[in-house]
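The values are calculated or read from the model by the stated rules, or taken from the named source; none is laboratory data. Predicted model only: the values in this text are computed from it and were never measured. Note: ideal-geometry Cβ built from the backbone for every residue, glycine included; neighbour counts use all protein chains shown. Side chains included, ligands, DNA and RNA excluded: accessible areas come from the protein's heavy atoms. Shrake-Rupley method; radii C 1.70, N 1.55, O 1.52, S 1.80 Å.
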Amino acid sequence: MANEFNFPSRAPDREIKSLSDQLISQIAAGEVIERPASVVKELVENAIDAGATRIEVRLEAGGIKRITVTDNGRGIAKDQLALALTRHATSKIRNLDELEHVMSLGFRGEALASIASVSSMTLTSKKADAEHAWSIHEGEISPAAGAQGTRVEVDDLFFKTPARRKFLKSEATEAAHCKTQLERIAIAHPSVEFRLVHNAKTVLMLPVEETRARVNRIMPQEFAGAQREVYAETSLSRVYGWVGLPTAGRSRADCQYCYVNGRFVRDKLLAHATKAAYADVLHNQLQPMYCLFLDIDPAKVDVNVHPTKSELRFRDSQWVHQFVMHAVEAALAPALSASVEEKEDARVEHQTHPAVAAQGAASAQAYQPVTQTAPGYRPEHLSRYLDFYQTHQRPAMPAPTQNVLPAVVEAMRNDVRETEVTQSGHPEPLGRALGQVGGIYILAENALGLVLVDMHAAHERVVYERLKKQVDAMDIPSQQLLIPLVFGVSAEEMVVFEEAQTALMQLGVELEAASPTHLRLRSVPAILSGNIEKTGETLIREVLADFKRFGHTKLLTEKRNEVLATMACHGAVRAHRYLSIEEMNALLRQMEATERADQCNHGRPTWVQLTTDDLDKLFMRGQ
């Protein structure tokens, strides 16, 4: 068949020759410079590395026609200007040891050379001790006007490589990408003032502020009122930041920010660790909002695996995954009754921690936790979630299993009225019960106003958490298979099995090698034994895949929890059952003492807070 498009079938038969410097730079630019936002990223990161405290970005036609980045950093000396535009020229590293401990944002020494190879670029800079600024354009250096710092003007992006220019989107789209890129950088550098101007109109103005204020300014409005603080620290690393409450989940993963040593990254391991922490509390089709900062020994992470430095590799990825996941889990789990005292203690501890104190008062604010007594779910927080939930079916629940522990069955029979109502010196976040509506909702009054509780959803979470604790408190019973299940595995899966065999035994899975290429499954946790003959091979393969990627697996726990969730759903108080005031108050106190009581097992909210201001607005009081 004729080659309709005249595609070359192979490389031409030519002699080997060295590429020209210009072509080398243009090839490198293809890896680094994808669109105007890439130019903004590289230039702004250089400005931050130069110690700038004020950075202005100006765009014309979405950055396609012109990009100008001005900073007040240290500047570049006249005799360094020409060298700054050559490939692999940088002031940030000198040897391999510095590369392995690099903390600067840019260090490859390719950004300016790559940009210059695909555009018309003018670089103007002035050192603090210089009489005036100097400018370089197309290799010509000349005196120029300008204050201390650097100004880079990039005109006609990709005019030297027109094929690349055809792939750019509309001006508005490219400008939006530039804004997003600048916001990502700005979150990690709240001590720097940023300004973005597009076609002579200011579209972003970020003053110097505390980290939390910067995050709340850039994140969606609902994030500020529906977040939990994250903080965990070891001798070699720490993770801190803020995660959105499950009811502030979104249909898109567009509000997820991860930073490693101050650098924004897209890392699948960190994303998976964070999402895993939302198990049991987030609807499976929603995405959480979060902003997390991981500070780690630079020698333990390789940031030199991608030209744009947005991807990285951890030396001990399994440990990092566990560290981040447990930190986020701890932030999402606290019971309401413990929130006041624990958060106040945490606030004092964080403020006096040496690592925080060393960074000064402004930086210390980044580690202050949420101080609200009861976060609550305001009506505005729920609107997006309810709209989304109404368009999706409730998650399918697995059929109950007969292989359950006697203690679990007994726990399922517990009733709300059997709960002991304990008194404490702390205020009751969910208040005191007033009555019921439709046999479904409990009305209570607290210090903020009115609380509405979905009693079935709330009691379902209480029973579910109780079941999990009772099962965790005893050894996991195994169910021997009548006929062991034998299946073939790859060489890689066999290696993972050999490394994880002990851990699998602790999880109640008896797995052994039947041959160099086959595994034999002899027993599984009793609560998962139903239909294991059909699902066992798939389950084990998924478990081994988890061990390979993260060094552990939560799959068995998740499968177990699906069964317990079904039991909790059937064991919880049903709708249209009218409770006494004492029973309602008992349920409220149980909720306050239960972890993750803000959501049911399917990720729906269990209670909503209406403040007295909300009620005043409903009745137009004061208007």
- Task: Taking the residues in segment 173-183 that are more than 15 Å from Val197 (Cβ to Cβ) and surrounded by fewer than 18 Cβ atoms within 10 Å (Cβ to Cβ) as candidates, determine which candidate is farthest from the chain's Cα centre (by Cα).
- Result: Thr173
- Task: Hey, can you tell me all the residues within segment 184-203 that are assigned to a strand (DSSP E or B) and open to solvent by 20 Å² or more (accessible area, probe 1.4 Å)?
- Result: Glu193, Arg195, His198, Lys201, Thr202, Val203
- For segment 238-249, what are the residues that are at pLDDT 90 or above and open to solvent by less than 10 Å² (accessible area, probe 1.4 Å)? Val239, Gly241, Trp242, Val243, Gly244
- Given (1) open to solvent by 70 Å² or more (accessible area, probe 1.4 Å); (2) among the charged types (D, E, K, R); (3) farther than 30 Å from Arg574 by Cα, Asp546 misses just (1)
- Query: With (1) over 27 Å from Thr124 (Cα atoms); (2) of a type in the set (A, V, I, L, M); (3) crowded, with 21+ Cβ neighbours inside 10 Å as the list, and Leu168 as the residue in question, which single condition is left unmet?
  - Reply: (3)
- Item | Condition met for Arg252 (open to solvent by 10 Å² or more (accessible area, probe 1.4 Å), touching a strand residue (DSSP E or B) at 6+ places or on another chain (Cβ under 8 Å) and farther than 28 Å from Asp49 by Cα) | yes
- Query: If Lys65 passes every condition in (1) under 22 Å from Ser117 (Cβ atoms); (2) crowded, with 22+ Cβ neighbours inside 10 Å but one, which one does it miss?
  - Reply: (2)
- Only listed residue being open to solvent by 50 Å² or more (accessible area, probe 1.4 Å) and among the small types (Gly, Ala, Ser), chosen from Ala491, Ala526: Ala491
- Item | Within segment 161-198, tally of residues that are of a type in the set (A, V, I, L, M) and in contact with a Gly (Cβ under 6 Å, 6 or more places away or on another chain) | 2
- Applying the selection to segment 569-599, what residues are in a loop (DSSP other than H, G, I, E, B) and not hydroxyl-bearing (Ser, Thr, Tyr)? Ala572, Val573, Arg574, Ala575, His576, Arg577, Leu579, Ala593, Glu595, Arg596, Ala597, Asp598
- Item | Matching residues in segment 30-49 - criterion: being hydrophobic (A, V, I, L, M, F, W, C) and at pLDDT 90 or above | Ala37, Val39, Val40, Leu43, Val44, Ala47, Ile48
- Reported set for segment 587-604 where residues are among the aliphatic types (A, V, I, L, M) and surrounded by fewer than 20 Cβ atoms within 10 Å (Cβ to Cβ) is Ala593
- Message: Looking at segment 136-175 only, could you name the residues that are among the small types (Gly, Ala, Ser) and closer than 16 Å to Gly63 by Cβ?
- Response: Ser170, Ala172, Ala175
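Quick grid of which residues meet (1) within 16 Å of Glu537 (Cα to Cα); (2) in a helix (DSSP H, G or I):
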residue	(1), (2)
Val451	no, no
His456	no, yes
Arg461	no, yes
Lys468	no, yes
Leu482	yes, no
Val486	yes, no
Met494	yes, yes
Phe497	yes, yes
Met505	no, yes
- So how many residues does segment 241-263 have that are polar (S, T, N, Q) and in a loop (DSSP other than H, G, I, E, B)? 2
- Note on the structure: Considering segment 258-291, residues that are within 21 Å of Arg214 (Cβ to Cβ) and open to solvent by 20 Å² or more (accessible area, probe 1.4 Å), and then whichever is modelled with the highest pLDDT, we arrive at Phe264
